[in-house]
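The values are calculated or read from the model by the stated rules, or taken from the named source; none is laboratory data. Being a predicted model, the structure only gives us computed values, none of them experimental. Positions of Cβ are backbone-derived with ideal geometry, glycine not excepted, and every protein chain shown enters the neighbour counts.
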Amino acid sequence: MLRLLAGVGAVVLIIASGKWAEQFELEVKTSALRQAASAQVLGLRGMVEKHDFLPYAAARHPDVQDLLRSPQDRAIQQRVNAYLADMRETTGASALFLIDLKGLTLAASNWNLATSFVGKSYHRRPYFEDALSGKRGLFYGLGLTTGESGLFIAEPVRALGSVIGVVVVKISLEPLQRAWMRGGEPVVLRDSRGIVFLSAVPEWMFHSMHPVSPVDERWIVEHAQYGARQRFDVLPWETETPRGMDSFVLRTKVNGKRANLLALDTPLPELGWTLTVTSDMKEVVQARQAAFALTALAVALALVGIMYWRLREKRFKEQQSARVELERRVEERTRDLQEAHAFQKAMEDSLSVGMRARDPEGRIIYVNPALCAMVGYSAEELLGCSPPYPYWHPDDLEKQARESDAALQGRAAPHGFESRIRHKDGHDVITMVYTAPLVDAQGLHRGWMSSVVDITAQKKAESRQREQELRLQLSARLASVGEMASTLAHELNQPLMALSNFAMAARALAAQGPSDMLSGALDEIVEQSKRASDIVKRVRGFIKPQRALYEKVPIATIISHTEAQLRPEQQRHGISLRVTLGDDGALVQGDRVLLEQLLLNLVHNAIQAVQDLPTQQRCIELTSARIEHAVRITVADHGPGIPAEHLDQVFTPFYTSKADGLGLGLSICRTIAEAHGGAITVENRSAGGASFSLTLPTVP
């Protein structure tokens, strides 16, 4: 019966120790989560506060107020555009723009881009409604124009005590999300309705903590907060809150794998958001298992001690009659104790975390092999050492002395502290040090036990990440600077080639003496010079086309001019151009030079596709056909076609399959087509070759 009670007591003790270790590790990890959450919250608030003053400052600029009073004044509008663009470039904001009382954008920092906000209406946006009522507007959602997410901060523009407009700054949180995705632990940001709008785990995006009410769904759809998305499924989370903890256990899937995480929610009331940081529960499970093992070992040692004591009593009573048997049994039990001690020491030596014990005066009384490997000194060199220890970094002696004194006085930080030490071979090692009291079996304080973790690799990885982000930012700025130069180079290439061809023809005709053909060649040179000048003017204003300059142009005229300009190149390569007009009277509203340039690009690409084929296959078909209220112009060739996997990339800027190409021609063609209210598509022909179709709306 006594043995049964002892066994039950041992089991209860082992289970209780495991529970205690689990609870202790949960508290430690919760403390670490609080620190991680504080750092993330500090970063978020810093990002918002960095740009918070921008709309307030812009709203008080004289030109901004003048533009709201005189929205038709182009000079003021250009100054405000430049002012907002300069503020965006200086501060790193995504965009700044000015809205009148009707919600129409009058000026924007991206006025010179194809995705310009100028002329767009944002009267449905909550931040506009708040600012119009005289309050500061704050709203996170997807952009109506760009489709890119961001935080919008709006400030009313006041004059003589009245609101006359709204200034808005857009801040992108995508760099923060990319940093989270590179991190090891999932981080989630939810709005006031519980919907996840920023997450390190992509499959959690736009899921909700709880079912979204119909009222909230209608509000989200009405204000287009998350684009066209109308459904917000509940997150695939199972949660459990341990007793007495403000953190909770989260069971879910990450990247298709089951994961048990410890999570902590931190509200950001000024933004209406909730930040959730997580950490893997593996350490908690390991702590519980280690406690089970150590307690079981301690119970085993206690039982061995009890058994030894009982045997000693028995042997004392039987000493005279069983001395030989007693000595044999003592030898056996001693061997058992030695094996148990050896097992305990093997467990300590197998730890990957450095362990160091010091007496109350700071002398080192124990080190494990992991610590010796970390500092490069043997146990014999370290045992008995007092501060300063040989591995202290010579540049941090005062700091390490303060930290050592604090630990010896019982004031060590419970969450540990970072310490730089010097390895015996001279290289630096960055560590995290955790210190706890060393208490013996009698409850007496014998010194201090420290756990030392090598975090050098982690620090180097963080440094490399920061350097990589800086390089990416520099590359983005260089790409933006070169884009306009590349566009001009591409668009001027064809008229300059034509100038060169006509000039060589004129020189040859001049050598033969005066002739009518010489006059025609010179006329063509003048015409192509004017064309190059027109292209430069239109590229300068191309970012924001002025439809007021468009005119009615016959499609037949555009096709005939294109055919005439390409005739020398056709003849040089022996290429035939078959033109078929389905409706030669069709009219479109547009810029003749830009439309001719679009068609020139398509035919020029077709010439390059067939110029190396046999002579009988060097043929290009140029056709036009009326379709309802539009006209479709098709350029088809008999070349090799476009690989199927690249069909969706041909209109992407800087994509090219040519060794000397810029990759801008088809991107410019699509932009011209869309600026004229049309569209351009591409497909491979079943008989071989590629077919590009331009569709433009017709006018009476």
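Please find, within region 364-403, the residue that is farthest from Leu438 (Cα to Cα) out of those that are among the polar types (S, T, N, Q) and exposed (fewer than 14 other Cβ atoms within 10 Å of the Cβ).
Ser378
For region 152-205: of the residues being among the polar types (S, T, N, Q) and under 14 Å from the mean Cα position of the chain (by Cα), which is surrounded by the fewest Cβ atoms within 10 Å (Cβ to Cβ)?
Ser172
Working only within region 331-359, note down all residues that are at pLDDT 75 or above, of a type outside the set (Asp, Glu) and surrounded by 13 or more Cβ atoms within 10 Å (Cβ to Cβ).
Hits for region 331-359 are Arg333, Val353, Gly354, Met355, Arg356, Ala357, Arg358.
Inspect all residues belonging to region 65-72 and state whether any of them is modelled with pLDDT under 90 and surrounded by 12 or more Cβ atoms within 10 Å (Cβ to Cβ).
No, that holds for no residue.
State which residue pairs qualify: first residue of a type in the set (Phe, Trp, Tyr) and inside region 451-464, second residue at pLDDT 85 or above and in a strand (DSSP E or B) in any location, beta carbons under 6 Å apart, and separation of 6 or more residues or different chains.
Qualifying pairs under 6 Å: none.
When you look at Ile14, is it under 30 Å from Leu268 (Cα atoms) and of a type in the set (Val, Ile, Thr), yes or no?
no
Output the qualifying pairs, or none if there are none: Cβ atoms under 6 angstrom, residues six or more apart or on different chains, first residue in region 572-598 and assigned by TED's automatic domain parsing to the domain that holds Gln617, second residue assigned to a loop (DSSP other than H, G, I, E, B).
The qualifying pairs are His573/Gln611; Gly574/Arg618; Ile575/Arg618; Gln589/Tyr550; Gly590/Tyr550; Gly590/His676; Asp591/Tyr550.
Consider only pairs whose beta carbons are under 6 Å apart and that are at least six residues apart or on different chains; among these, list those whose first residue lies in region 618-647 and is under 18 Å from Gly688 (Cβ atoms) and whose second residue is charged (D, E, K, R).
Hits for this filter: Ile620/Asp637; Glu621/Arg578; Ala636/Glu621.
Quick check: anything in region 681-693 under 16 Å from Ile559 (Cα atoms) and in a strand (DSSP E or B)?
Yes, because at least one residue in region 681-693 is under 16 Å from Ile559 (Cα atoms) and in a strand (DSSP E or B).
Mind listing just one residue for me: the one in region 608-646 that is in a helix (DSSP H, G or I) and within 42 Å of the chain's Cα centre (by Cα) and, of those, nearest to Asn684 (Cα to Cα)?
By that ranking, first place goes to Ala644.
When region 81-129 is examined, which residues are found to be among the acidic types (Asp, Glu), farther than 16 Å from Ser172 by Cβ and assigned to a helix (DSSP H, G or I)?
Of everything in region 81-129, those that are among the acidic types (Asp, Glu), farther than 16 Å from Ser172 by Cβ and assigned to a helix (DSSP H, G or I) turn out to be Asp86, Glu129.
Scan region 37-64 for residues that are charged (D, E, K, R), under 24 Å from Asp265 (Cβ atoms) and surrounded by 13 or more Cβ atoms within 10 Å (Cβ to Cβ) and jot them down.
The one that is charged (D, E, K, R), under 24 Å from Asp265 (Cβ atoms) and surrounded by 13 or more Cβ atoms within 10 Å (Cβ to Cβ): Arg45.
With respect to Gln616, determine if the residue is over 28 Å from Ala114 (Cβ atoms) and either buried (at least 21 other Cβ atoms within 10 Å of the Cβ) or assigned by TED's automatic domain parsing to the domain that holds Val553 (or both).
For Gln616, the condition - over 28 Å from Ala114 (Cβ atoms) and either buried (at least 21 other Cβ atoms within 10 Å of the Cβ) or assigned by TED's automatic domain parsing to the domain that holds Val553 (or both) - is met.
Determine which member of the set Gly92, Gly103 is of a type in the set (Gly, Ala, Ser), on the phi > 0 side of the Ramachandran plot and modelled with pLDDT of 90 or more.
When all the criteria are applied, what remains is Gly103.
Between Leu33, Leu4, Leu13, which is among the hydrophobic types (A, V, I, L, M, F, W, C), touching a residue at least 60 places away in the same chain (Cβ under 8 Å), out of contact with any helix residue (DSSP H, G or I) (no Cβ under 9 Å at 6 or more places or on another chain) and not assigned by TED's automatic domain parsing to the domain that holds Val157?
None of the others qualify; the one that does is Leu33.
Would you point out the residue of region 639-656, among those that are of a type outside the set (A, V, I, L, M, F, W, C) and closer than 22 Å to Gln611 by Cα, that is surrounded by the most Cβ atoms within 10 Å (Cβ to Cβ)?
Only one residue tops the list, namely Gly639.
In region 80-103, which residues are free of Cβ contacts under 8 Å to residues at least 60 places away in the same chain, more than 28 Å from the chain's Cα centre (by Cα) and surrounded by 17 or more Cβ atoms within 10 Å (Cβ to Cβ)?
Within region 80-103, Val80, Asn81, Tyr83 qualify.
Of everything in region 595-622, what is touching a strand residue (DSSP E or B) at 6+ places or on another chain (Cβ under 6 Å) and under 16 Å from Leu696 (Cβ atoms)? Give them in sequence order.
Across region 595-622, the qualifying residues are Leu602, Leu622.
Which of (1) part of a loop (DSSP other than H, G, I, E, B); (2) free of Cβ contacts under 8 Å to residues at least 60 places away in the same chain; (3) touching a strand residue (DSSP E or B) at 6+ places or on another chain (Cβ under 9 Å) does Leu144 not meet, given it meets every other one?
All conditions are met except number (2).
If we keep just the residues of region 247-273 that are of a type in the set (D, E, K, R) and in contact with a strand residue (DSSP E or B) (Cβ under 7 Å, 6 or more places away or on another chain), which is nearest to Val284 (Cα to Cα)?
Arg251
Scan region 38-77 for residues that are without any contact (Cβ under 8 Å) to a residue 40 or more places away in the chain, among the polar types (S, T, N, Q) and in contact with a Leu (Cβ under 9 Å, 6 or more places away or on another chain) and jot them down.
Across region 38-77, the qualifying residue is only Gln77.
Condition first: under 30 Å from Leu176 (Cβ atoms) and either in contact with a Leu (Cβ under 9 Å, 6 or more places away or on another chain) or modelled with pLDDT of 85 or more (or both). Now tell me which residues in region 1-31 satisfy that.
Leu26, Lys29, Thr30, Ser31
Please find, among Gly689, Gly678, the residue that is crowded, with 16+ Cβ neighbours inside 10 Å, more than 24 Å from Leu113 (Cα to Cα), at pLDDT 85 or above and touching a Pro at 6+ places or on another chain (Cβ under 8 Å).
The conditions single out Gly689.
Okay, residues lined up against (1) part of a helix (DSSP H, G or I); (2) among the hydroxyl-bearing types (Ser, Thr, Tyr); (3) touching a Leu at 6+ places or on another chain (Cβ under 6 Å); (4) surrounded by 14 or more Cβ atoms within 10 Å (Cβ to Cβ):
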position: Thr276; (1), (2), (3), (4): no, yes, no, yes
position: Ile306; (1), (2), (3), (4): yes, no, no, no
position: Trp309; (1), (2), (3), (4): yes, no, no, no
position: Arg315; (1), (2), (3), (4): yes, no, yes, yes
position: Ser321; (1), (2), (3), (4): no, yes, no, no
position: Glu325; (1), (2), (3), (4): yes, no, no, no
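Could you check Gly134 against (1) assigned to a strand (DSSP E or B); (2) closer than 26 Å to Arg193 by Cα and say which number it fails?
That leaves (1) as the condition not met.
In region 232-269, which residues are assigned to a loop (DSSP other than H, G, I, E, B), surrounded by fewer than 13 Cβ atoms within 10 Å (Cβ to Cβ) and under 24 Å from the mean Cα position of the chain (by Cα)?
Those that are assigned to a loop (DSSP other than H, G, I, E, B), surrounded by fewer than 13 Cβ atoms within 10 Å (Cβ to Cβ) and under 24 Å from the mean Cα position of the chain (by Cα): Asp233, Pro236, Asn255, Gly256.
Of the residues that sit in region 573-631 and are closer than 23 Å to Val553 by Cβ and among the basic types (Lys, Arg), which one is modelled with the lowest pLDDT?
Restricting to residues being closer than 23 Å to Val553 by Cβ and among the basic types (Lys, Arg), the top hit is Arg592.
Residues of region 183-213 being of a type in the set (Ser, Thr, Tyr) and closer than 10 Å to Phe232 by Cβ, which ones?
Ser208
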